[in-house]
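Taken together, the values in this text are just the output of simple stated rules run on the coordinates, not laboratory data. In this text the structure is predicted, and so the values were computed from the model without any measurement. Here the Cβ positions follow ideal geometry from the backbone for every residue, glycine too, while neighbour counts run over all protein chains shown.
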Amino acid sequence: MLPLFLGVMAEAHEERHLLLSGEFDCDPEPLSTLRHSTSHVMAQAVKRLFPEVKLAIGPAIEDGFYYDFGRSQPFTPEDLARIEAVMREIAREGHRFERMELPRAEAIAFFRERGEPFKAEIIEGIADDRVSLYRQGEFVDLCRGPHVASTAEIRAFKLLSSSGAYWRGDEKNPMLQRIYGTSWLAQEDLDRYLWRLEEAKKRDHRKLGRDLDLFDFFDVAPGAPFWLPNGMVLVRELEKFARESLDARGYQEISTPLLVNKRLWVESGHWEHYQDNMFKVEVEDELFSLKPMNCPESALVYRRSLRSYRDLPLRFSEMGRCHRNERSGTLTGLVRVRQFTQDDAHIYVRPDQLQDEITQLLELVQEWYKVFTLTATFKLSTRPEKRLGTEEQWDTAEKALHEALRANGLAYSVNPGDAAFYGPKVDIDVQDVLGRAWQVATIQVDLTMLPERFQLEYIDTDGQPKRPVAIHRAIFGSYERFIGILTEHFAGAFPTWLAPVQARVLPISQKHEEYARQVWERLRGARIRAELDHRNEKLGYRIRDAQVRKVPYMLVVGERERQQGAVSLRHRTEEDLGAIPLERVLADLAREISSRAATLTVGRS
């Protein structure tokens, strides 16, 4: 079969049909093309070193690529180093990426003869009569392309890691070995990316969560964090921040049950479409579920009273704990859990109030994220093909979202057809200090689901009952995920107002402990979270320990400080700022905390 393949390839070349990808296709994403080409080079190198391996798939992904191989043993770090070295040889050899087409049956036979069952299986699932293959040097792969012109264009790359992966993502299928790598147009881009990876490892919230005693996980409750005292400070401060903000905007806080009868989920439609993700409990021959979301119970609260047009907008907020039966293999620290608490709100408005309410919500989102030095990007999802509600309702809702985004001066992208069946939405990503995007907030307009299914009404000016529009919104998304993001964004060095310990008092020696205790008590009296570290250790050791624990301020006290009623102040990242009167430190700390400043300001002026 190989001579036939090469003969057809030569014929195709002479007829100039479908040659190098750069000659027949204009790829709008050159990085994606480069990375996919690099995955082919990696597979070629693997086959040179380990001819017995079987080829599966090798796509480009965000920031890199991977390739899956049928192999009984995992690849070791030493294997990856050897593979990378051979990849550099292949790049220097400068093989052209050449494309051809084969009839489907011939392509299946070609890969069967080469002992590549995964490739043959892929082709068997393709309906097209002809399939495309690519060749560089001695290596041939099934591929739609496009590719770069030659392996010589592949210069700035690095293999990163290997892991197991099930064929086609199904745990019933064979386990394959996956190699991850990254590839960039220029070496400086690769170097910058590798720095980001190393920095991301240092900032990993799972590691920092343990090191800073924020949270832990135990196998008795997979996917459910145990919040430790330091972590609960973060939770409580975020709750306090949210409540202060929402109280000032006319929200009314509610709290609804965790365990709810199946009847509610049938009424809401979740039982039909979502029950596989719900934890079910049988009580006295009746079926209940731990709630996976708060919306249906919010509708019950709305429905319990007769509502007038004067009552709207009606804003119900809830810090609602939810449970979703996520697969164990997807659980990831705080960012993918089974138990989480949403900063949820359900807002019921008249149709004529919708645009103003969305405008205010977008202002609120920006105001919150600014406090955490997070930048946001906005995506508007519009009506899908299959949807509920009238065209007029959708026109009104989509116009309200467009106008609200414009009123806030926000750039946004549009995802046509990506809305839920019951209304359009705005999804909001935040970008952290490393430039990584995290999806957190959603503003979802609900034209039909809650209003229609729960028969929600208000009495309008004409005395007739009308349906309200419901808005579902979360800004943090969930406290768990948001704290995970903040931990990595700040590398555990939280702003003073959020920091579990805001100040640590360090007596120079035991004879200064009495004054140190007086300073500590003054801090605590001012409601500043402070610790007194009077361990029998050298001062330098205790200073380094406070820095490792990311304590914003260290207040060192000795005889001079006692006589002057002062403290020697240190920031967690700076040297001694000198003796400062205690009263000034207390006042400046209180001011920094109450203003929720993002940077350390005490002692700077």
- What is the set of long-range amide H partners of Ile61 at a cut-off below 5 Å, with H atoms built 1.01 Å from backbone N? Tyr66
- Per-pair calculated FRET efficiency, R0 = 35 Å: Val548 and Leu31 via Cβ, rounded to 0.05: 0.40
- Given charges at beta-carbon only (K, R positive; D, E negative), |dipole| of the chain in Debye: 1940
- Protection proxy ranking of 346-355, 519-528 - average other beta-carbon atoms within 10 Å, highest first: 346-355, 519-528
- Taking θ as phi - 60°, what are the ³J(HN,Hα) couplings along the range 573-583 by the Karplus curve (6.51, -1.76, 1.60), each to the nearest whole Hz, with x for Gly and Pro? 10, 10, 7, 4, 8, x, 6, 10, x, 4, 4
- Query: Say R0 is 22 Å: what FRET efficiency, to the nearest 0.05, do Leu388 and Glu267 get from their beta-carbon distance?
  - Reply: 0.90
- Message: Using the crude model of +1 on Lys and Arg Cβ and -1 on Asp and Glu Cβ, and no other charge, please compute the dipole size for the range 446-499 relative to its Cα centre, in debye to 20.
- Response: 100
- Message: As an exercise, use a Förster radius of 25 Å and the Cβ-Cβ distance of Asp460 and Ser255 to find the FRET efficiency, rounded to the nearest 0.05.
- Response: 0.25
- Of Lys291/Lys370; Lys202/Lys538; Lys207/Lys550; Lys54/Lys119; Lys119/Lys172, which ones are farther than 20 Å apart at the Cα? Lys291/Lys370; Lys202/Lys538
- Message: Let me see the P(r) profile for the range 331-423: every Cα-Cα distance counted, bins of 5 Å, each bin given as a percent of all pairs.
- Response: 3, 11, 17, 20, 21, 15, 9, 4, 0
- Which percent of Cα-Cα pairs in the range 259-364 sits in each 5 Å bin, short to long? 2, 10, 17, 18, 18, 14, 11, 6, 3, 1
- Message: Spelling out what I want: for every residue of the range 256-270, take phi, set θ = phi - 60°, compute 6.51 cos²θ - 1.76 cosθ + 1.60 (Karplus), and round to whole Hz; glycine and proline get x.
- Response: 10, x, 6, 9, 10, 5, 3, 4, 5, 6, 5, 5, 7, x, 5
- Note the per residue figure in Å³ for the convex hull of the C-alpha positions in the range 2-202. 128
- Given N residues in the range 386-429, what is Rg(Cα) / (2.2 N^0.38 Å)? 1.18
- Item | Fewest-first ranking of Ile123, Ile543, using other Cβ atoms within 10 Å as the exposure measure | Ile543, Ile123
- So, by mean Cβ neighbours within 10 angstrom, what's the order for 563-576, 192-205 with the highest one leading? 563-576, 192-205
- Note on the structure: The Rg/Rh figure for the range 457-513, Cα atoms and Kirkwood Rh, to two decimals is 1.49
- Message: Taking the square root of 5 times each eigenvalue of the Cα gyration tensor, what semi-axes in Å does the equivalent ellipsoid of the range 180-301 have, largest first?
- Response: 39, 22, 19
- What is the local net charge at Arg104, summed over the other residues whose Cβ is closer than 12 Å to its Cβ (Lys, Arg +1; Asp, Glu -1)? -4
- Per residue and in cubic angstrom, what volume does the convex hull of the Cα atoms of the range 391-521 have? 221
- Task: Note the full-extension length gain between Arg336 and Arg535 as 0.36 nm times their separation in residues minus their Cα-Cα distance, in nm to one decimal.
- Result: 67.8 nm
- Item | the range 396-413 - phi-based ³J(HN,Hα) in whole Hz, Karplus 6.51/-1.76/1.60, Gly and Pro as x | 5, 5, 5, 4, 4, 5, 4, 5, 5, 5, 5, 4, 8, x, 9, 6, 8, 9
- Starting from the amide H of Val567, placed 1.01 Å from N in the peptide plane, find each other amide H under 5 Å away whose residue is 5 or more places distant or on another chain. Ile580, Leu582
- Item | Long-range HN-HN contacts of Arg307 with modeled amide H, under 5 Å | Ile459
- Query: So what does log10 I(q)/I(0) come out to for the range 503-595 at q = 0.23 Å⁻¹, using the Debye formula with one equal point on every Cα and no solvent?
  - Reply: -1.24
- Message: Apply the a/c threshold of 1.5 to the C-alpha gyration tensor of the chain and tell me whether it is rounded, prolate or oblate.
- Response: oblate
- Item | For the range 101-219, the Rg and Dmax computed from alpha carbons only, in angstrom | 20.5, 61
- Just from its helices, what would the mean residue ellipticity at 222 nm be for the chain, if runs of 4 or more DSSP H residues each count -39500 (n - 2.57) and the sum is divided by every residue, rounded to the nearest 500 deg cm²/dmol? -11500 deg cm²/dmol
- Among Leu506, Leu586, Ala530 the positive-end extreme of the charge dipole of the range 503-595 (Cβ point charges): Ala530
